[in-house]
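In what follows, a structure is listed as structure tokens, so that the remarks can point back to it.
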Amino acid sequence: MNTTDLRRAAFHPATVAAGAVVVAVLVGLVLAALAGAAPGTAVAALTEGMVGTPYAIGKSLNAAAVLMLVAAGFVLAYRAGLVNVGGEGQLCAGGIAAAAVGTTLPDGTPTAVALPAVVLAATTAGFAWAGIAAALRAWRGTSEIITTLLLNFVALAVLSLTVHEPSLLRQPVTSSETLPQSAPLVAGAHLPSLGLSRSPATIAILVAVAAVVAVGVLFRATPTGLRLTALGHAPEAAARLGVPVARTRFLALSSAGGFSGAAGGLLVATAPFVLAEGFSSGFGFSGLVVGLLARGSMTALGAVALLLGFLVSGGINLQLVAGVPATAVSIVESLIILLIAGSAWWAATRRAAARPAPAAETSAPELIGATR
Amino acid sequence: MTALLDLTGLGKRYGTVDALHDVGMTVAAGTVHCVLGENGAGKSTLCNLVGGGIRPSTGEMTLRGTAYSPGSPADALSRGVAMVHQHFSLVPTMTVRENLLLSGRGLRPDVQTLRARLDRIADEFGLRVDDARARVAELPVGARQKVEIVKALLPDPDLVLLDEPTAVLDGAEIDALIGTCQAVAASGRAVVLVTHKLGEVSRVADTATVLRDGTVAGSGRLSEVSVGQLLSLMLGRDTDAAGGPTVLDPVAAAGVGLAARRPIRDRVEVGPTAMTARGLTVTRPDGNRVLDGAGLDLRAGEITGIAGVEGNGQTELVRVLSGALRPDAGEVHIGDHPITTAPPARRTALGLGVVPEDRHHEAMVGDMSIAENLYLADLGRFRRHGFLRRGALDQAAAGVIREFAVRAPGPRTPMRALSGGNQQKVVLARELAVDGLKVLVAAQPTRGLDVGAVGQVLTRLREAADRGIAVLVVSSEVAELLALCDRILVGYRGRLLGPVDATAPTAAAEIGALMAGTTA
């Protein structure tokens with residue numbers, strides 16, 4: 001390996017992400033020490049929570065699966081030049097649809113029917129929810145960053161209404177202690193376990209990896225991927241070359257919603273198999289972060305999703321065992337993001353310095369007459 | 001004459017590529033020094049080295065006898081070296097005055113000093129800013145260029161670098177620019193003018209340095225070197241130095257603004273009308289009617305040119321024809337098919353090829369490869385079981401790269417990495433390959449291209465017409481249109497005037513009159 005290869009490896013998104021995590025965890029340990037936990041105890045508690053028990057690993061994998069799905073959708077839209085900030089809302093829409101289908105199906109429905117039905121419903125719901133913003137963007141030019149973001153709050157409110165309202169999805173109220181959540185999904189709609197002993201890991205991780213690989217292949221090896229990329233880079237040239245700009249934009253952003261919706265469905269189909277307020281736990285936003293940090297590399301996307309997934313469950317244990325506030329883990333998470341973003345910026349400026357100054361170009365004006 | 005700027009052994013490497021090596025050049029105070037060369041010869045790199053935009057890998061620069069190694073453009077400016085970039089660096093949403101104040105120091109913009117300084121510049125160089133309160137975005141290109149030069153002169157530099165300043169200017173504006181260059185040189189300063197248009201060089205330069213493939217191919221005082229010799233130095237082949245420019249290929253000569261018109265196409269048989277436009281009207285959101293009932297007929301086998309000062313609706317006309325802009329009124333037909341509101345894909349299917357004016361935004365995707373750019377509209381050919389056959393794609397592209405002599409390492413090279421001329425060859429190759437091509441619309445197809453590429457592009461357009469394709473060429477280079485076209489329309493205030501028969505001996509005069517609006 002010569003120096004150029006070494007440097008390339010050092011700047012690979014996955015390497016950068018790993019480096020950022022190491023630095024951030026070191027800072028986290030200092031914070032833990034300030035909170036009164038000896039570094040040894042903190043490290044032990046964190047690793048225990050991350051990889052210490054089959055249970056911890058399983059939890060982490062399930063979280064990583066959700067992050068991967070949301071991130072894969074984010075990347076899909078991002079390549080076409082669209083920023084989907086609505087993962088959280090699409091996740092909720094997917095969860096609601098999954099619960100609606102999963103609790104209505106008759107009890108004895110076999111898994112082969114029930115599970116696909118639930119996931120399909122969730123995907124469709126996410127697609128449709130994102131489709132609102134996508135249609136506004138494609139045919140009316142409304143900024144999708146604003147609309148997808150705002151639709152999150154609408155979806156969260158709809159979720160709250162759904163689980164509080166008995167005529168909707170709230171489980172039958174039998175006492176004052178009945179929680180505002182849906183009834184459990186029928187057994188057939190439960191996501192099968194990965195089959196590891198004493199591990200809650202489900203096949204969600206397999207679904208997510210398949211989705212990530214599919215998106216990777218789409219962009220690397222299919223005409224559709226090329227058209228999406230062209231649209232993202234130069235919308236006017238793409239229009240000139242026959243890409244139906246508006247329709248492609250609509251489909252790309254809606255599909256991103258489909259991925260998030262599917263993630264919501266998988267969440268509901270995982271123990272405890274109910275839809276409740278806060279079931280999305282911010283995965284929609286974390287997934288966006290994963291997608292951004294991966295910077296186009298699907299390998300990095302998988303790695304970052306796994307890291308964040310493990311960190312989240314490690315953080316819970318850190319609080320339980322070492323008494324360090326879980327916010328310390330949030331700080332570590334934010335530090336990872338800052339460090340990766342910073343290194344990306346640093347690499348970009350170094351590259352720019354090593355190249356002749358690119359010619360200043362005016363940005364592409366909005367497309368006129370490309371609405372079809 | 002004293003040497004103001006002296007370069008010895010200057011070189012710049014990017015990775016394994018030598019963009020520039022062993023360049024030596026001396027610029028004397030009080031002169032206009034032209035740097036000539038084809039695109040990709042290293043002109044802009046040289047300019048950026050002197051202007052402080054990039055640092056040299058090897059070699060030395062001295063300014064007034066002392067070592068000079070600017071770390072940034074601001075550093076260069078403080079040493080008295082100002083640069084005007086090829087692409088404008090004004091803020092379009094701000095007024096002229098605000099733009100000029102931007103380069104000032106301190107918290108409070110000093111309007112008084114600026115005004116005094118502008119008066120000085122107007123007196124000394126005849127460069128007057130007409131309306132300092134106009135927004136830059138509303139100014140025509142020529143006026144923007146003037147502001148750009150005024151901005152460079154504000155800090156009173158000793159050396160002014162102009163990188164391809166004439167690429168976007170029309171004849172009168174070029175004359176004004178040449179006058180300014182001479183005035184600046186006459187004041188004891190020096191001007192370095194980077195260009196590939198020999199016609200200008202012969203009018204303005206005192207000395208010239210010719211770059212080829214990143215190194216100096218030759219240099220000399222204009223009083224000692226003929227323009228024909230400069231051209232052969234530039235192209236690296238003997239263009240008949242003895243005979244001078246008169247025996248040059250007229251198309252190539254027109255490309256560098258040299259030779260007089262000469263009909264190069266025998267009267268070809270003109271076929272049926274392939275494309276018509278009637279009563280096209282486009283009103284911009286600000287109420288400016290940029291197209292006002294423009295109409296034209298394009299006939300098979302004929303090359304129609306559209307001349308005109310920029311901003312007379314030519315840009316919008318091409319956008320309407322290509323499907324990027326929907327007209328408020330009027331109709332466009334290809335053959336019998338109405339396509340006024342048809343999407344670009346439908347137009348392509350009917351046999352319309354377009355070489356758009358704005359290459360970087362409309363014609364290509366810079367971050368994608370040559371192969372992808374060539375076949376983006378035709379990917380179905382390379383699909384098997386839903387997957388793209390990269391091998392076949394690259395192979396087809398490699399064939400085109402050879403056929404069109406595109407200078408590129410391979411089909412996977414990103415378009416962004418190519419020079420303007422080579423990018424344009426790729427775009428043209430793609431549009432000429434449209435299935436069942438009937439009409440080819442080319443907007444400013446040679447803008448910013450080097451001599452060799454200009455010749456090639458124009459030859460391809462000629463060949464297309466010989467094949468029976470209706471060709472429309474929009475250009476601000478009248479010499480080029482006269483050399484290429486059969487008949488020429490003139491864009492004036494949103495309408496198309498003419499046609500002028502390009503072979504008529506009075507064609508140039510007629511076009512000039514129409515452009516100025518003194519007839520019709």
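The numbers here are math on the coordinates, done by the rules we state, and not lab data. Everything numeric in this text was worked out from a predicted model, so none of it was measured. Note that each Cβ is placed from the backbone with ideal geometry, even for glycine, and that neighbours are counted across all protein chains shown.
Around the amide H of B:Cys34, modelled in the peptide plane, lie the amide H atoms of B:Leu193, B:Asp206, B:Thr207, B:Ala208, B:Thr209, all under 5 Å away and 5 or more residues distant in sequence or on another chain. With R₀ fixed at 51 Å, the C-beta to C-beta distance from B:Ala116 to B:Ala513 puts the FRET efficiency at about 0.80. Here region B:3-248 is described by how far its Cα atoms reach on the three principal axes: 55, 39, 31 Å, from widest to narrowest.
So which of B:Lys12/B:Lys43; B:Lys146/B:Lys425; B:Lys43/B:Lys197 end up more than 22 Å apart by C-alpha?
Details: B:Lys12/B:Lys43 12 Å; B:Lys146/B:Lys425 31 Å; B:Lys43/B:Lys197 13 Å.
Over 22 Å Cα-Cα: B:Lys146/B:Lys425.
A:Gly242: net charge of surrounding residues, Cβ under 10 Å, Lys/Arg +1, Asp/Glu -1, itself excluded?
Numbers: positive: A:Arg227, A:Arg240, B:Arg346, B:Arg347; negative: B:Asp378.
Spelling it out: positives minus negatives among the neighbours equals +3.
Measuring max minus min along each principal axis, the C-alpha atoms of chain B give extents of 69, 51, 50 Å (largest first).
The Cα trace of the protein assembly as shown gives Rg and Dmax of 32.3, 107 Å, the first to one decimal, the second as a whole number.
For region A:113-217, trypsin sites (Lys or Arg not before Pro) meeting the loop criterion (DSSP other than H, G, I, E, B) and having at most 16 other Cβ atoms within 10 Å: A:Arg198. 3J(HN,Hα) along region B:389-400: 8, 4, x, 5, 4, 5, 5, 4, 5, 4, x, 5 Hz, from the Karplus curve 6.51 cos²θ - 1.76 cosθ + 1.60 with θ = phi - 60°, whole Hz, x for Gly and Pro. Taken over region B:273-516, the convex hull of the Cα atoms encloses 126 Å³ per residue. When you restrict to C-alpha pairs under 8 Å that are six or more residues apart and normalise by the size of chain B, the relative contact order lands at 15 percent. Look at B:Cys47, B:Cys34 and count the other Cβ atoms within 10 Å of each Cβ; fewest to most, that gives B:Cys47, B:Cys34. Distant-in-sequence amide contacts of B:Val216, defined by a placed amide H-H separation under 5 Å and a gap of 5 or more residues or a different chain, comprise B:Gly24. Along its principal axes, region B:381-472 has C-alpha extents of 39, 30, 19 angstrom, given from the largest down. Between amide H atoms placed 1.01 Å from N, distances below 5 Å from B:Gly498 occur with B:Val490, all of them 5 or more places distant or on a separate chain. The 3J(HN,Hα) values that the Karplus relation (6.51, -1.76, 1.60; θ = phi - 60°) gives for region B:213-226 are, in residue order, 6, x, 9, 6, 8, x, 7, x, 6, 5, 6, 10, 10, 7 Hz. Gly and Pro appear as x.
Overall, region B:273-516 carries a charge dipole of about 860 debye about its Cα centre when +1 sits on the Cβ of Lys and Arg and -1 on the Cβ of Asp and Glu, all other atoms neutral.
Note on the protein assembly as shown: dipole from Cβ charges, positive end direction compared against A:Val113, B:Ile469, A:Ser313; the farthest Cα belongs to A:Val113.
With N set to the number of residues, divide the alpha-carbon radius of gyration of chain A by 2.2 N^0.38 Å and report two decimals. Dividing the Cα Rg of chain A by 2.2 N^0.38 Å gives 1.05.
The region of chain B that goes longest without hitting one of the trypsin sites (Lys or Arg not before Pro) in a DSSP loop, each with at most 10 other Cβ atoms within 10 Å, is B:268-520. Tally Lys and Arg at +1 and Asp and Glu at -1 over the other residues with C-beta under 13 Å from the C-beta of B:Met275: what net charge comes out? Within the 13 Å Cβ shell, the charges total 0.
Rounded to whole numbers, the Karplus 3J(HN,Hα) couplings from phi for region B:446-461 are 10, 4, x, 9, 7, 4, x, 5, 4, x, 5, 4, 5, 4, 4, 5 Hz, using 6.51 cos²θ - 1.76 cosθ + 1.60 with θ = phi - 60°, and x at Gly and Pro.
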